[in-house]
Structure formats: structure tokens, C-alpha cells
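Scroll down for the structure; my scribbles are underneath it.
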Amino acid sequence: MLVSEREQLRANIERQVKEFGNDRSALIPVLQDVQHKYGHVSEYVMQVVADILHIHPVEVYGVASFYSFIGHKQKGRFIIRLCRTISCDMQGKDRVARQLENDLGIQFGETTPDGNFTLEWANCLGMCDQGPALLVNERIYTKVTPETVHDILEECRTLFGVYALQEKETLCELPTPVK
Amino acid sequence: MRTTDTSKMTFSRVSPGEGLKKALKMTPEEIIDLITASGLKGRGGAGFPTDLKWKLAAAVKDDLKYVVCNADEGEPGTFKDRVILTDFADLMFDGMTIGARAIGACKGIIYLRGEYAYLRSFLKGKLAERRNDGLLGKNVLGIAGFDFDVEIRMGAGAYICGEETALIESLEGQRGEPRNRPPFPVNTGFMGHPTIVNNVETFTWVPCIVTKGAKWFFDIGTERSTGLKMFSVSGDCGKHGVFEFPMGITIQELLEKVDGTGAKAVQAGGASGRCIPACSFGRTIAFEDVPTGGSIIVIGPDRDMLKVAENFMEFFLDESCGQCTPCREGNAKLLEGIKLLQQGRCSMKYLRELCKLGETMQLASKCGLGQSSPNAFLSIVTKFKDEIMGRTETAL
């Protein structure tokens, strides 16, 4: 039987809601899961979630638009978030930012035309002792220099193609342990 | 990459599980009395007495109570909770379990900030280990009737959710907008049930206090700020990282230990904290003098104070939840003021008006964010007038 993408999405969401408990407090974990899997929370998703949780879709929109890690717009496969807060600023985040813009050919807040990279600012990533810091999806990079920006982007690019499905796992790990 | 050596800290010398076993032999009242005797205050920065919070929650009769660990560490310059969660997670879970015993809770939640998502699978593994060892789940450590389990919930990149009522709103699936208080979470918290929300570090100190005794903790620090504290040090100093110092340490002493003695100023308490100029380095870090959640940002002699203030105001403008007017509009006005100062186009009269606005925000904002967001602006503007007034060319 043919299953449309929308039906699949709906089934996914229904399963998630059940897992997180069938009430309002499941809303954010469900939206986070959709964001994680599909890269954005579409209007259709908001409608479906609202139906299942018996709340108005506007409520879902209100919540989704409040949190900066949940987005309405389709973003790139890799979301690069550079910390702009004071300690990283003092350690030279401006130059890293410039180099990121140069290497990707986009400004902050934009996505590359091929849909692979989105460049964003983040507020304090909690890596102030090792700045400048940036997050690529869930992976943290510290002591980034304009020179190492290229290596980081290359590391992402190697995950394209046949390895793309594993990216979520490989880009989510602990910082390197104590030497 | 790591900058912090945690092997010499108190947390390393207290073995996980020891405090928990000792505490579970005590009655809930005895646990709370012990915390009272230690004088432990909230390590997130607000400095609310931990024993009082627990006492209030314990006094409420309810079948369902919650213990929430606030791991939404978003304050600029703070990263001690990240280090504690990576190196001393077991000690922290011990603390949560002791808290649950004290107030009679059976459910625990860690609210982990979205930026620390890489810690989630590690913590999940820890929780699974504890369930295996009988430290979580039904009849914890064989004590009949004491059930406690912990789940992890992720934040989604909102600084305001570090405020306890906003955190609870977020857990309930709402926008992270702070609630009016009272009622306090100890009465009507998560889903209307009594809830204690404590910082990661607060929970971690609890098993240490149980193991080493309340007197040990009480004898360190000052009369009103007892015990040790973890500090996140960054900025223009030789040594970055997390350090353990007693409360009541002077800023000068602290700077000597982190090789930052040439500093022009120290921002204590992150963006919502205060900027302390060099002439006041004799002041002490304690809840009664310079309070801090642990963030120490050292500002070197070559830094432009206006740029520092601008960075903080941009942060608050971005992170204000927009619910109440003083905070939503005030932060925008203060940032505009800083831009005027940078261009050298701000009259003293207007600057005084901005300061008044800042004071109004401190009084009229609904939650801690708006009440403390003008702190940095006000302290920089008043202490560094010489540097910021009448600029002839922009520093940019």
C-alpha cells in the first residue's frame, strides 16, 4: 500500500505523543522530535499536533515560535550556531563569523542554496573558558579560529551522500574527555 | 578540550552513594534540619535558602510532588553546571534523590538546556545504571515505599527558562513566560503539584554536606553565605575554567588565583550581574555583598566598556520573553542609549533619564530577567563615566 508522506508524518507524531504521555506537557518534546527529524516544524505538523492534543493550532504556533531551537522555516541539514556572548566575543568571535560567512557565501540568518548549511547566532553556549565556540547541530566545537572554520565545514561535508543517514548520531557526542 | 582540573575539588573527594545511603537512614525532617544547619543557599545565583524551599514543599500534603533540577545554565560566562554534569553526575543524582526523600516526591525531572544536548545520552546512560543498581526506581536502596525516578527534558534555546516558573511553564508545554509569584512552585508547581526547583550545583552540595557534616560546610565562608562555591572564570585572565573557592573571597584574591590581577573590571554574575571596577576589588563575593551564580568574567585594561555593555544589552533584547512592558521596551531603549554613547551623541540629561528607566525596570519588571538586565548598564555607566562620555570618534 502506498503511504503518503503526510500520513507517515502523522503516524510518527501520534507515536511520539503516546510515548511522551497524552497531554499538553508532551507538546515541546514532540515538536523537538519533529524539528530533529525534519529540520523544521511546518504548519501541517502544527495542525496535526493540535488535533491530537486537543488544543488550538495557534497555541502550538505560539509555543513553536517562542523557542529559538524550534523553527517554522526549513533550515539546512547542518545548523551552525556561533556563540556571540561576551567571553567568546572577547576571544575573537567576530573573525570566526566573518570567515564562516566567507566560506559559506551566506550571511547570518541565511541558508545555503543547496540546503546544507544554516548560519545562526547563539547566546552563550556555556563554553566561555574555551571560546570562541560553535554548535553544529548537537556537536560542540571550541577554540575555533578563522583557520579551523574550513576544517569544521569539511567535516560536515564528508557526512553527505551515502553517510548522510548517520549524521545525527555522529554529530551528537560528548566533548573530548580529560587528557 | 578541557581547561578544568576537577580532581582536587571537594566533589572528587566525596564518593557517590555514600551521602545518599547516610541520608536515607535519616527521617525527612532530619535531612531538612541538616541542610538548615549547613546554611546552604541556592547556587543558581538567587541565594534562596535551600532548607526553606524544601521545608515549604514538605509541608504541603499531596500524593504527587516533583523534584526539578535546573540545568538550564544560560547565564553568559557560566559553565560550572556543564562540568558538574560531566564529572559528578552521580553526586548530583544523589542530591536529587535526597531532596525527593526530604519532601516526599516520587518524580524527578532534569531540565537540560538545548545547547547541552550532547550531554543527554551520557546522562541517560547514568540514569539507566542507577536504575540497575537500585538507586532509582521502586523502593530506592531497599527502602519500602520510597519510589523515585528521574527523566530528562530538553530545553529549546530560551534563556528565560532558567527562571523557575518559566521553566515549569516550559515543562508543561507552554511558552516560557514567567508566572506571577505567589503562588510559589513549592505549593503549585509542575502540573499544579508541589515542586522544588534547584540548581545543579545546589543538589551536588547536598550529598557532600550529608557525608562531611553540616558543621564542615557552615564553618566555611561568611556568616550569611556559608560553604564553598564553584566559579566559572573566563575573560582576560591566565587561567580559565571552573574553580572552587569559599564564599566570602575578595575579588582581588580570586583574581590572584586565576592570574588576572591587571584587570580593569570584573563582571560578577554574568550579564545580569554587576560590573565591579578595579577600585572595588576589595569587595567580597557573597550573597550579602556581590552575589553571583558563579560567573566571573575578567575584563582587561584594553577593553571598551561600552562594547561590553552593548553585548549584554543585545543579549537581553534577544532573550526577553516580551511578556511585560518594562523589560521588552526598556532593554531596547538602553541599547539605543549605548549606540548614542558610542557615537558620542548622548547628553548627560538623557543618560540620567536612561538610568531612571533602568531603575524603573528593576522595580517594575515581572521576573528576574527584567529586574536584573539593567544592572550591567547602570554599573558600567556610573563607574566608567570618564570612559564613555563625550566620545569624539566611534570605537567601532
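Read-outs throughout are calculated quantities, based only on the coordinates presented, and are distinct from any laboratory measurement. Fair warning: this is a prediction, and the values are worked out from it, not measured in the lab. All Cβ positions, glycine included, derive from the backbone under ideal geometry; neighbour counts span all protein chains shown.
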Item to complete: Normalising by the residue count of chain B, find the relative contact order in percent from Cα pairs under 8 Å and 6+ residues apart.
Response: 17 percent
Discussion item. For Cα pairs less than 8 Å apart in space and 6+ apart in sequence, what is the mean separation divided by the residue count of the stretch B:305-388, i.e. the relative contact order in percent?
Written reply: 38 percent
Worksheet entry | All lysines inside 29 Å of A:Lys73 as judged from Cα atoms, apart from same-chain residues fewer than 8 positions distant | A:Lys18, A:Lys37, A:Lys93, A:Lys168
Item to complete: Nearest 5 is fine: what % of DSSP beta bridges in chain B come out antiparallel, could you say?
Response: 45 percent
Worksheet entry | Where Rh is the Kirkwood radius over Cα pairs, Rg/Rh for the protein assembly as shown | 0.96
Discussion item. Can you tell me the orientation of helix B:325-343 relative to chain B, as the angle in degrees between its alpha-carbon axis and the longest Cα principal axis, to the nearest 10?
Written reply: 40 degrees
Worksheet entry | Qualifying GluC sites (Glu not before Pro) in the stretch B:231-317, DSSP loop, other Cβ atoms within 10 Å at most 13 | B:Glu288
Discussion item. If you average the alpha carbon positions of the stretch B:260-279 and of the stretch B:177-203, how far apart do those two centres end up, in angstrom?
Written reply: 31 Å
Practice prompt. Would you kindly derive the ³J(HN,Hα) couplings of the stretch B:308-315 from the backbone phi angles with the Karplus curve 6.51 cos²θ - 1.76 cosθ + 1.60 (θ = phi - 60°), listing them in order in whole Hz, with x for Gly and Pro?
Written response: 4, 4, 4, 4, 5, 5, 4, 4
Worksheet item: In what order do B:Met389, B:Met92 fall by count of nearby beta-carbon atoms within 10 Å, going from fewest to most?
Response: B:Met389, B:Met92
Worksheet item: Based on the alpha-carbon gyration tensor of the stretch B:48-199 and its eigenvalue square roots a ≥ b ≥ c, which shape applies: rounded if a/c is under 1.5, prolate if not and a/b is larger than b/c, or oblate?
Response: oblate
Worksheet item: Pairs A:Lys143/B:Lys41; B:Lys124/B:Lys366; A:Lys143/B:Lys307; B:Lys339/B:Lys385; B:Lys333/B:Lys366: which are spaced more than 24 Å apart, C-alpha to C-alpha?
Response: A:Lys143/B:Lys41; B:Lys124/B:Lys366
Worksheet item: For the stretch A:5-66, what does the alpha-carbon gyration tensor say about shape, rounded, prolate or oblate, given a ≥ b ≥ c as the root eigenvalues, a/c under 1.5 as rounded, and a/b over b/c as prolate?
Response: rounded
Worksheet item: Could you name the lysines in cross-link range of B:Lys61, using Cα to Cα under 17 Å and dropping any fewer than eight places away on the same chain?
Response: B:Lys53, B:Lys107
Worksheet item: Can you pull the Rg over Rh of chain B, Cα-only, Kirkwood?
Response: 0.99
Worksheet entry | Relative contact order %, chain A, counting alpha carbon pairs below 8 Å whose residues are six or more apart | 16 percent
Worksheet entry | the protein assembly as shown - share of DSSP beta bridges that are antiparallel (%, nearest 5) | 45 percent
Worksheet item: If you count the DSSP beta bridges with both ends in the stretch A:78-170, what percent of them are antiparallel, to the nearest 5?
Response: 55 percent
Worksheet item: So for B:Thr188, B:Thr86, B:Thr202, B:Thr325, fewest C-beta neighbours within 10 Å to most, what's the order?
Response: B:Thr325, B:Thr188, B:Thr86, B:Thr202
Discussion item. As I understand it, the value is the acute angle between the Cα axis of helix B:368-383 and the longest principal axis of the Cα atoms of chain B; what does it come to in degrees, rounded to 10?
Written reply: 40 degrees
Worksheet item: Among the trypsin sites (Lys or Arg not before Pro) within the stretch A:45-145, which fall in a DSSP loop and have no more than 15 other Cβ atoms within 10 Å of their own Cβ?
Response: A:Lys73, A:Lys143
Worksheet item: In the stretch B:9-39, which trypsin sites (Lys or Arg not before Pro) fall in coil by DSSP and have 16 or fewer other Cβ atoms within 10 Å?
Response: B:Lys25
Worksheet, complete the sentence: Listed with the fewest Cβ neighbours within 10 Å leading, B:Trp205, B:Trp216 appear as B:Trp216, B:Trp205
Worksheet entry | Test item: Cα-centred dipole of the protein assembly as shown, Lys/Arg +1 and Asp/Glu -1 on Cβ, debye | 840 debye
Worksheet item: Which angle from 0 to 90°, rounded to the nearest 10, does the C-alpha axis of helix B:348-364 make with the longest principal axis of chain B?
Response: 20 degrees
